Protein chains: 2
Amino acid sequence: MEFGEEDLLACCGSTRFAHELAKASPFSSLHEAIALARDVWFNKVDVHAWLQAFSAHPQIGHSPPSSSSSSSSSSSSSAHSTSAQWSKGEQSTALATATSSSLQELSEWNARYKEKFGFVFLICASGRSTDEILSELKKRYPNRPIVEFEIAAEEQMKITELRLAKLFSTKAKVSSKDDQ
Amino acid sequence: MEFGEEDLLACCGSTRFAHELAKASPFSSLHEAIALARDVWFNKVDVHAWLQAFSAHPQIGHSPPSSSSSSSSSSSSSAHSTSAQWSKGEQSTALATATSSSLQELSEWNARYKEKFGFVFLICASGRSTDEILSELKKRYPNRPIVEFEIAAEEQMKITELRLAKLFSTKAKVSSKDDQ
């Protein structure tokens, strides 16, 4: 299956990552795409690329609006819109289990986290409640910055893997429709 | 002994590091200053601070001119000038043992390193020949970016420790002169 840089940018917001992985496309399987993505992410791109990818995420508990941008013609806006929509989906359990006080506490801890580490708290939120996310944030907060930087990169990779799977299934549906 | 942010910025080019460490000044001894500096560097400042400190270094083998800036009135220029002068001293063995072909090779490897990792190759150069530095660069080049990021931070800390020692001995000389 073939993906362009824009598709891949919606999976991980580093332009260098998207560029490197697009060069390796087409992929024979999701398994192959994930293996290549892991290699690019952990071995090929530099720390600036990690920071760029982290900055593409909304603060957890604060999904950005994903409407109105579907009419945009710029490719990076389109990647951004897809990413925002996926982010909303990934946080659906958290949002369903949130109370206004837990969201308030999460927002305060997010701010403390960002102040200490210089980037947003990243966690693969799929299937996690707000309480679970908050407890992870508190557990990770005392970490040394370099340790937390690497944990955040591992979480980003988990998110990227889920999104690559979505990309594969979306493209498969489109091509099976085309075949009809 | 008391140091301001400007003194500390010449030891390590991260403004956040200099700010945090200056808050802990005065120091009862060099030993105490180094222990506090290590704590700030590894536990308190974020990865952006590390990158800022790295970017304050000249490419190894390319000492910047340290003249003319002593007349500058801005404090950051003064810190920069001190740092440039120290950098020249730290690289004196390397420069004394360099040939034009080894400098050329070092320059090429530096460029490859920066292209891969996104920051200059950092090594505590004191007492090391150009060949030793080049061989370290080649040995470290295959590292994963996150691994190399942490090694560079360790090297930065070694440089900071040497510079804190210089700062202590300079200030001690000045104050013993004042006593006469």
Which distances, in nm and shortest first, link the residue B:28 label point to the same label point in every other copy, taking 7 Å along Cα→Cβ? 6.7
Could you quickly flag the chain B residue whose beta carbon comes closest to the rotation axis taking B to A, and that distance in whole angstrom? B:47, 3
Per-residue average of Cβ from other chains inside 10 Å of B:45-52: 5
What list of ³J(HN,Hα) couplings, whole Hz, do you get for region B:164-169 from phi and the Karplus terms 6.51, -1.76, 1.60, once you set θ to phi - 60° and write x for glycine and proline? 4, 4, 5, 4, 4, 6
Round to a whole angstrom and tell me the spacing of the C-alpha centers of region B:109-180 and region A:137-164. 29 Å
In region A:1-36, what GluC sites (Glu not before Pro) fall in a loop by DSSP, with at most 11 other Cβ atoms inside 10 Å? A:2
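Lysine pairs in region A:70-180 8 or more apart or on different chains: how many have alpha carbons under 18 angstrom apart?
Counting lysine pairs in region A:70-180 gives 8.
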The equivalent-ellipsoid semi-axes of chain B, taken as the square roots of five times the Cα gyration tensor eigenvalues and listed largest first in whole Å, are 28, 20, 14
Helix-derived [θ] at 222 nm for chain A: sum -39500 (n - 2.57) over DSSP H runs of at least 4, divide by residue count, nearest 500? -21500 deg cm²/dmol
How far, in nm to one decimal, is residue B:100 from itself in the other copies if the label point is set 7 angstrom along Cα toward Cβ? Shortest first, please. 7.6
What distance in nm separates the simple spin-label points at residue B:176 and residue B:1, each placed 7 Å from Cα in the Cβ direction? 1.1 nm
Shortest-first nm distances, residue B:169 label point to equivalent points in other copies (7 Å, Cα→Cβ): 6.6
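A short reminder: the numbers here are calculations on the coordinates, not readings from a lab. Owing to the predicted nature of the structure, the values given are computational and were not obtained by experimental measurement. Note that we place each Cβ from the backbone using ideal geometry, even for glycine, and neighbour counts take in every protein chain shown.
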